[in-house]
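*Asks:* Please read through the structure below; I'll follow up with questions.
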Amino acid sequence: MILIVILVMWAVLSVIAHIPSFPVFRFLVLYELALIPQWNFFAPNPPKGDFVILFRDKLSAENISNWVELRKVYKNPYFCWIWNPNKRINKASFDIVSELIALSNGLKKSSIPETEKSEMIIQSIPYLTMLNYICYTNKTPLSKERQFAVLTKLKSGYEIVFTSNFHRLY
């Protein structure tokens, strides 16, 4: 009986602690010891839409191809909850793009000179991983350099969130 009372009180405190008008619970020992769960799964910045990854090739000094969608990263068939062979590549693409955007947004707010910001992004693991993946996808003999961009698909259209420089293909 005592255990049931304790569990009910714990559940009630957990619910009340997440009501913004009750900030006093944030100072409880239970909260500080992480005994009250924090249900902020996507916090602090949840994604606002799906990502679309595009690339284009520089064929010569004046000739640049049109943007091409890398692939439909988040398109899953209705039976994907049973069998989903693209789950890992979808998750990896989402994580890499999320890290790249977070790094880019974080550097925009910093007081570091623009040239250093650019170098920090180009040398980052998410940037190099995405560049490696994109450079070895759909490569043609005519392509000399490749550029990629990340767009967020919103209800009202698309928003460009990141654009790379052109990089030489080998």
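The values are calculated or read from the model by the stated rules, or taken from the named source; none is laboratory data. This structure is a prediction, so every number in the text was calculated from the model and none was measured. All Cβ positions, glycine included, derive from the backbone under ideal geometry; neighbour counts span all protein chains shown. To get the accessible areas, we keep the full protein, side chains included, count just its heavy atoms, and leave off ligands, DNA and RNA. Shrake-Rupley method; radii C 1.70, N 1.55, O 1.52, S 1.80 Å.
*Asks:* For segment 125-133, in order, what is each residue's ³J(HN,Hα) by Karplus, 6.51 cos²θ - 1.76 cosθ + 1.60 with θ = phi - 60°, in whole Hz (x at glycine and Pro)?
*Replies:* 4, x, 5, 5, 5, 5, 4, 4, 5
*Asks:* Find, among the chymotrypsin sites (Phe, Trp or Tyr not before Pro) in segment 72-154, those assigned to loop by DSSP (not H, G, I, E, B) with at most 14 other beta-carbon atoms within 10 angstrom. Intermediate values should be presented prior to the final figure.
*Replies:* Numbers: sites: Tyr74, Tyr78, Phe79, Trp81, Trp83, Phe94, Tyr127, Tyr133, Tyr136, Phe148; in loops: Tyr74, Tyr78, Phe79, Trp81, Trp83, Tyr136.
Of the chymotrypsin sites (Phe, Trp or Tyr not before Pro), the ones in loops of segment 72-154 whose Cβ has at most 14 other Cβ atoms within 10 Å are Tyr74, Tyr78, Phe79, Trp81, Trp83, Tyr136.
*Asks:* At 7 Å along Cα-to-Cβ for each site, give me the label-to-label distance between Trp67 and Ile89 in nm.
*Replies:* Going from the Trp67 label point to the Ile89 one covers 2.2 nm.
*Asks:* Pairs Lys87/Lys155; Lys109/Lys139; Lys108/Lys155; Lys58/Lys117: which exceed 29 Å Cα-Cα?
*Replies:* Details: Lys87/Lys155 24 Å; Lys109/Lys139 35 Å; Lys108/Lys155 26 Å; Lys58/Lys117 24 Å.
Result: Lys109/Lys139 exceed 29 Å.
*Asks:* Given Cα pairs under 8 Å that are at least 6 residues apart, what percent is the relative contact order of segment 60-170? Walk me through the numbers before you get to the answer.
*Replies:* Numbers: 73 pairs, mean separation 23.2, N = 111.
21 percent.
*Asks:* Is segment 54-162 best put as rounded, prolate or oblate by its Cα gyration tensor, with a ≥ b ≥ c the root eigenvalues, rounded for a/c under 1.5, and otherwise prolate when a/b is larger than b/c, oblate when not?
*Replies:* Details: a/c = 1.81, a/b = 1.19, b/c = 1.52.
Cα axes put segment 54-162 in the oblate bin.
*Asks:* Step through the residues of segment 94-100 one at a time and calculate ³J(HN,Hα) from phi using the Karplus curve (6.51 cos²θ - 1.76 cosθ + 1.60, θ = phi - 60°), rounding each to whole Hz and writing x for Gly and Pro.
*Replies:* Values per residue, Gly and Pro as x: 4, 5, 5, 5, 4, 5, 5 Hz.
*Asks:* Just subtract the alpha-carbon distance of Ser124 and Ser110 from 0.36 nm times their residue separation and send over the number in nm, one decimal.
*Replies:* 3.4 nm
*Asks:* If you plug each phi of segment 54-65 into the Karplus form 6.51 cos²θ - 1.76 cosθ + 1.60 with θ = phi - 60°, what whole-Hz ³J(HN,Hα) values come out, in order, with x for Gly and Pro?
*Replies:* Taking θ as phi minus 60°, the curve returns 10, 9, 9, 10, 9, 8, 8, 4, 10, 9, 10, 6 Hz for segment 54-65.
*Asks:* Further, regarding this structure: Whenever you get a sec, compute what percent of the accessible area on segment 65-167 sits on carbon and sulfur atoms (1.4 Å probe). Walk me through the numbers before you get to the answer.
*Replies:* Values: 4170 of 7060 Å².
Carbon plus sulfur share of accessible area: 59 percent.
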